[in-house]
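Taking it in order: structure first as C-alpha cells, then the write-up.
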Amino acid sequence: MKRSLIMLLVMLSLVVAGCGKDTSKETTNEDSKTVSSSESKEKPPRIKGVTLEQINDKTLEVKSEAIGENLQYSFYIFKDGEILEKIPYKSTNHLSYTVKEQGEYMVRVYVKNSEKKIVTANTDKIDFDLK
C-alpha cells in the first residue's frame, strides 16, 4: 500500500512537471505569434477624394484617388437612396456606369489593401435625367 502511494505521487509529479513545461512553451510561441501578427506591414489606405460625373446621356463616371499599397476598389451604386448595384473589388480606381433609369445617383467607394484594411467614401449626388 505504501509502495503504491509513493508510485502514485511520483507519477503525479512527473505529469504535473511535464504539463507545466509544455504549457509555458506553447504560451511563448503564441505570444510571439501575436506580436508578429499585430505588426502591420502596410499602412491603412487613405482616400484623398472621389468624384461622380455625368459623361453623356447615359453614362456616369466615378473616379477615386487613394493613397496606399496594393489597393483594390469596390463600388456600390445608389439610386434614390437604395443600393442598385454592387461592383466587386478590382484594381482599377475608376468606373463607367450605364444608367438605365432617371433618378438621384450616388456612389460609395470602398478601398482595401492586401491586409484587408478597408476605408470608404461617398460621392456627391447627381440628378440624372435620361433623354
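Before moving on, here are some points about what is shown:
- Exceeding the 22 Å Cα-Cα cut-off - candidates 58/116; 86/125; 90/116: 58/116
- Residue by residue, segment 115-122 carries 3J(HN,Hα) couplings of 8, 6, 7, 10, 10, 10, 8, 9 Hz when phi is fed to the Karplus relation 6.51 cos²θ - 1.76 cosθ + 1.60 (θ = phi - 60°); x denotes Gly or Pro.
- Applying 0.36 nm per residue to the separation of residue 92 and residue 69 and subtracting their alpha-carbon distance, the gain on full extension is 7.0 nm.
- 3J(HN,Hα) along segment 81-87: x, 10, 5, 9, 7, 10, 9 Hz, from the Karplus curve 6.51 cos²θ - 1.76 cosθ + 1.60 with θ = phi - 60°, whole Hz, x for Gly and Pro.
- Near the amide H of residue 128, within less than 5 Å, lie the amide hydrogens of 103, 104, 105, all on another chain or at least 5 residues away, with H placed in the peptide plane.
- Backbone amide hydrogens, once placed in the peptide plane, bring residue 87 within less than 5 Å of 75, 76, 77, excluding anything fewer than 5 places away on its chain.
We did not get these values from a lab; they are worked out from the coordinates using the rules stated. Being a predicted model, the structure only gives us computed values, none of them experimental.
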